[in-house]
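Below you will find the structure I want to go over with you.
The values are calculated or read from the model by the stated rules, or taken from the named source; none is laboratory data. This one's a predicted model, so the numbers in the text were calculated from it and none came from an experiment. Here the Cβ positions follow ideal geometry from the backbone for every residue, glycine too, while neighbour counts run over all protein chains shown.
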Amino acid sequence: MKDDKRTVTRIVMDEPMLRLRESLAKAPIIWKGDYPYFIHPITDGVPRMDPGILQAITHLSQSRINWSEVDLLLGIEAMGLPLTAPLSMATGIPLVIARKRTYGLEGEVKIDQSTGYSKGAMYLNDINEGERIAIIDDVLSTGGTLEAVIEGVRRAGAEVSHIIAVVEKGDGLKRLRSLYPDISIQSLVRLRMDGETIILLDDDS
């Protein structure tokens, strides 16, 4: 009877991950020049978002962090908004979003964003000295954006304690771990592109 209960528990716990992986495997692919690009509601806001996928991401993210060690949730515009809002409700931790526009509020920190896809500025507001911050991001590829945000948080006098990326592709996560060994950095799903095929990798991170 004990073994049966363990099996049932394992299946229930695995369901959110299976749901997320299946949704990524079925994501449509477009080409931008010579680069294949998958389109998913968590990373792009289109196609329409299945609330069950968002629930799965919230469940998986919530179970990976000790929330007693976190004072503030930080999302990154634009997809950080839907990712952090339900997690904030589930944990009771307040949230703030790194925006691509300035508001001129006291203590605002400007950060330079540089990724494999775009460059520009982002702005952090209402981050207090000494706060422990968890970042939830949609995709981690080169790690350029997250590195800039980490440094911006430090300039505000706070510290990033945890980072969860829903999707990991490329070597950015390993690079960030080498740069910031004191930060818990993990991903929910690892994948790579093989032409128009999405290859889901085993989670060994």
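Please work out which one of (1) part of a loop (DSSP other than H, G, I, E, B); (2) modelled with pLDDT under 95; (3) within 18 Å of residue 147 (Cβ to Cβ) is the condition residue 113 fails and give its number.
(1)
Collect the residues in segment 151-166 that are of a type in the set (A, V, I, L, M) and crowded, with 22+ Cβ neighbours inside 10 Å, keeping them in residue-number order.
153, 160, 163, 164, 165, 166
Filter segment 181-205 down to the residues that are among the hydroxyl-bearing types (Ser, Thr, Tyr), more than 28 Å from residue 31 (Cα to Cα) and buried (at least 16 other Cβ atoms within 10 Å of the Cβ) and list them by number.
Residue satisfying the conditions is 184 alone.
Each row is one residue, and each column tells you yes or no for (1) touching a His at 6+ places or on another chain (Cβ under 9 Å); (2) of a type in the set (Val, Ile, Thr); (3) outside any loop (DSSP other than H, G, I, E, B); (4) on the phi > 0 side of the Ramachandran plot.
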| residue | (1), (2), (3), (4) |
| --- | --- |
| 23 | yes, no, yes, no |
| 31 | no, no, yes, no |
| 43 | no, yes, yes, no |
| 54 | no, no, yes, no |
| 64 | yes, no, no, no |
| 82 | no, no, yes, no |
| 90 | yes, no, yes, no |
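Every residue in segment 167-202 that is in contact with a helix residue (DSSP H, G or I) (Cβ under 8 Å, 6 or more places away or on another chain) and part of a loop (DSSP other than H, G, I, E, B), please.
180, 183
Let me confirm something: among 58, 102, which residue is under 12 Å from the mean Cα position of the chain (by Cα) and not in a strand (DSSP E or B)? Before you say what the answer is, go through the steps one by one.
On the way: 102 fails: under 12 Å from the mean Cα position of the chain (by Cα).
Of the residues listed, the single one that is under 12 Å from the mean Cα position of the chain (by Cα) and not in a strand (DSSP E or B) is 58.
State the number of residues belonging to segment 62-78 that are crowded, with 16+ Cβ neighbours inside 10 Å and either within 15 Å of residue 132 (Cα to Cα) or at pLDDT below 95 (or both).
Within segment 62-78, the first condition is being crowded, with 16+ Cβ neighbours inside 10 Å, and the residues that meet it are 65, 70-76.
With the extra rule that they be either within 15 Å of residue 132 (Cα to Cα) or at pLDDT below 95 (or both), the set shrinks to 65, 70-75.
Residues in segment 62-78 being crowded, with 16+ Cβ neighbours inside 10 Å and either within 15 Å of residue 132 (Cα to Cα) or at pLDDT below 95 (or both): 7 in total.
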